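Have a look at the structure below before the remarks.
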């Protein structure tokens, strides 16, 4: 449970740091948390873990409830960045670490572009 709190705390710090530039154009926040169960946070029904900032963000914005995930984080993250199913984005069934010589196809268009 403490790793969930640490992860959420880091997310909130990153969110408030990025809000200083949000006034000029519409922005969006994507939250991708490893090993989070569907009802582990307030916007999705948790009464155990209190997440008031996430509750407010969900109430004021959009809350996506249909998604695909892979058993490890690398394919899920690649899918999020490209908008493609994990099998198309990354045909590697395990976690990628810094220094690996495999990954996304350099020609793949990502959400940043």
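The condition of being at pLDDT 80 or above and under 14 Å from the mean Cα position of the chain (by Cα) holds for residue 83.
Within the range 101-112, residues that are farther than 16 Å from residue 85 by Cβ sit with their Cβ atoms under 8 Å from residues that are modelled with pLDDT of 75 or more and surrounded by 10 or more Cβ atoms within 10 Å (Cβ to Cβ), at 6+ positions apart or across chains, in these pairs: 103/78; 112/81.
The values are calculated or read from the model by the stated rules, or taken from the named source; none is laboratory data. As the structure is a computational prediction, the values presented were derived from the model and not from experiment. Glycine gets a Cβ as well: all are built from the backbone with ideal geometry, and neighbour counts include every protein chain shown.
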